[in-house]
1. Counting only pairs 8 or more places apart or on different chains, how many lysine pairs in the chain have C-alpha atoms closer than 22 Å?
2. Taking the Cα centre of the chain as the origin, how large is its charge dipole in debye, to the nearest 20, when only Lys and Arg (+1) and Asp and Glu (-1) carry charge on their Cβ atoms?
3. Once you sort the root eigenvalues of the Cα gyration tensor of the chain as a ≥ b ≥ c, which label holds: rounded (a/c under 1.5), prolate (a/b larger than b/c) or oblate (the other case)?
4. Please name which of Thr87, Pro15, Ala29 has its Cα lying farthest along the dipole of region 15-331 towards the positive end, using unit charges on Cβ (Lys, Arg +1; Asp, Glu -1) and the Cα centre as origin.
5. Just round it to a whole percent: the fraction of Cα-Cα distances in region 175-233 exceeding 19 Å.
6. Helix 285-296 sits at what angle to the longest principal axis of the chain, using alpha carbons and giving 0 to 90 degrees rounded to 10?
7. Per the helix-only calculation at 222 nm, which mean residue ellipticity applies to the chain, given -39500 (n - 2.57) for every DSSP H run of n ≥ 4 and division by its residues, nearest 500 deg cm²/dmol?
8. So, counting K/R as plus one and D/E as minus one, what does the shell of residues with Cβ under 9 Å around Cys272 add up to?
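Derivation of every value follows stated rules applied to the coordinates shown; laboratory data play no part. Everything numeric in this text was worked out from a predicted model, so none of it was measured. No Cβ is skipped: glycine too gets one built from the backbone with ideal geometry, and neighbour counts run over all protein chains shown.
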Amino acid sequence: MTQLSSPPRAEAPNPEEAAGFADFAHRLATAIASVVLGKPQVVRYALTALLAEGHLLVEDVPGVGKTTLARSIAAVVAGQWRRIQFTPDLLPSDVTGVTIFNQGSGGFQFHPGPIFANIVVADEINRASPKTQSALLEVMEERYVTVDGVRHPVPRPFLVVATQNPIEMDGTYRLPEAQLDRFLMKLSVGYPDEAVEVEVLRGAAVGRGPDSLEPLTDTATVAQAISLARRVYIADPLYTYAVRLATATRKHPQVRVGVSPRGVIALTKAACAYALIDGRNYVIPEDVQALIEPVFAHRLLLSPDALLRGTTPADVLRSAVESVPVPTAAAG
């Protein structure tokens with residue numbers, strides 16, 4: 001583990017702040033992991049998204065705990081949270097809200113939709129029509145909703161935790177690339193191993209679930225943690241490293257569309273939160289490497305030939321990591 005360009009700048013969190021943040025993150029992770037069993041890395045990625053104030057997309061088959069993960073994140077934060085069940089007949093106004101004429105006041109009044117919350121659980125987001133999915137584009141990027149030409153800010157911090165079923169399943173719509181690009185990370189929960197699944201059964205028998213979790217923090221503390229994560233130091237060689245990794249995806253012969261600059265920004269933001277969860281006030285190359293797949297994979301469009309050959313985004317990213325030299329302390 002090599003720190004680049006030591007020491008961090010003066011505005012970076014001091015070691016005591018970083019250690020306190022690590023303890024804070026550990027308490028949140030332990031609570032979530034008591035419900036989302038056997039998936040510590042998935043929980044850490046989810047907390048990274050929360051503390052980087054980036055949106056999270058969880059894709060997997062039904063019944064493996066996607067919604068449990070999303071609801072557990074909401075449960076440990078004492079703030080406003082809403083759950084939206086996406087269905088084919090859901091309208092954009094059902095998400096964002098609508099302006100209604102108020103006869104009493106003689107004017108139009110805006111009625112906010114469920115998107116106006118600190119944490120929004122968007123369940124089975126790809127079962128809604130593309131028109132309804134597109135209602136999230138503005139608010140996920142700008143934290144505003146525009147209705148009838150008037151912009152309405154959503155509460156901060158603001159996090160969308162969306163779940164979706166694999167696109168091969170019946171009744172699903174593929175999320176457009178612009179929508180996918182709004183998500184900081186895309187995760188897969190996966191099936192538990194045998195011992196963990198037995199423990200899941202025991203927990204279900206005694207009613208252990210997201211509703212049993214007590215809030216451990218509030219939105220003001222989360223906002224302070226987000227501000228702290230933004231101050232984590234990244235040496236210039238690591239910025240260059242992130243850009244070169246993205247460039248490697250754009251030039252890869254099996255990729256039709258590579259990672260956008262927004263994706264590179266997402267990677268560096270996530271790396272800051274990931275490092276702080278470890279109790280460090282600086283980013284190391286291992287942070288970037290640990291996050292490249294959850295941050296970059298869903299932003300890649302493979303060529304038809306690559307799809308026919310069974311190539312996956314993970315294959316492309318492994319190739320990119322192998323082709324780009326890792327910066328060293330001497331490079332700082």
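1. For the chain, the number of qualifying lysine pairs is 5.
2. Numbers: 30 positive and 34 negative charges, 120 e Å.
About 580 debye.
3. Working: a/c = 1.37, a/b = 1.27, b/c = 1.08.
It is rounded, given that a/c, with a ≥ b ≥ c, falls under 1.5.
4. It is Pro15.
5. Numbers: 1132 of 1711 pairs.
When every Cα pair of region 175-233 is considered, 66 percent fall beyond 19 Å.
6. Orientation of helix 285-296: about 40 degrees from the principal axis.
7. Values: 14 runs with 146 residues, N = 332.
Computed ellipticity for the chain at 222 nm equals -13000 deg cm²/dmol.
8. Working: positive: Arg230, Arg231, Lys269; negative: Asp287.
Charge balance in the 9 Å sphere: +2.
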